[in-house]
1. Check every one of the helices (runs of 4 or more DSSP H) wholly within the range 1-94 and list those with 2 or more residues that are modelled with pLDDT of 95 or more.
2. Against the definition (closer than 23 Å to Phe97 by Cα, touching a helix residue (DSSP H, G or I) at 6+ places or on another chain (Cβ under 8 Å) and aliphatic (A, V, I, L, M)), how does Leu62 come out, yes or no?
3. Got a number for residues in the range 64-84 being among the hydrophobic types (A, V, I, L, M, F, W, C) and touching a Lys or Arg at 6+ places or on another chain (Cβ under 9 Å)?
Amino acid sequence: MLQTDLIKGSLRTIVLKLLKENGRMYGYEITRRVEELTSGKIKLTYGALYPVLHKLESEGVLVTEAENFNNRIRIYYSLTEIGHSLVSEKVRELMEFIESLQGIVNPKTGPSYA
């Protein structure tokens, strides 16, 4: 399992990407999907996920919709127009960051320090 501090900076982008691909999701569904997509290497805690969801909502990037499911209220999150326009930019930034890290961890030229 990956360390939480490595995931924190990417969580916003992860949420945006999942919501773009799935339309709308509730919190538990997001955590399960991330775990599934990463073969269990990334396990989101609610303590990490919900502050990000609430922040995105306060910024106008997400909207919520409450539904009754088996006599329980389930909160679904979906992207606003602003959210849809932000996804591509955030994914591009994350990919650029990953490429930069790969250059540090596995440089193609120069001496090897491993």
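1. Numbers: elements: 4-8, 11-22, 27-37, 46-58.
Because the criterion is at least 2 residues that are modelled with pLDDT of 95 or more, the helices (runs of 4 or more DSSP H) in the range 1-94 that meet it are 11-22, 27-37, 46-58.
2. Working: closer than 23 Å to Phe97 by Cα: no; touching a helix residue (DSSP H, G or I) at 6+ places or on another chain (Cβ under 8 Å): yes; aliphatic (A, V, I, L, M): yes.
Here the answer is no, as Leu62 does not meet what is asked.
3. Going residue by residue through the range 64-84, those that are among the hydrophobic types (A, V, I, L, M, F, W, C) are 66, 69, 73, 75, 79, 82.
Now drop any that are not touching a Lys or Arg at 6+ places or on another chain (Cβ under 9 Å), which leaves 66, 79.
So the answer is 2.
The values are calculated or read from the model by the stated rules, or taken from the named source; none is laboratory data. All values reported here derive from a predicted model rather than from experimental measurement. We place every Cβ from the backbone using ideal geometry, glycine too, and count neighbours over all the protein chains shown.
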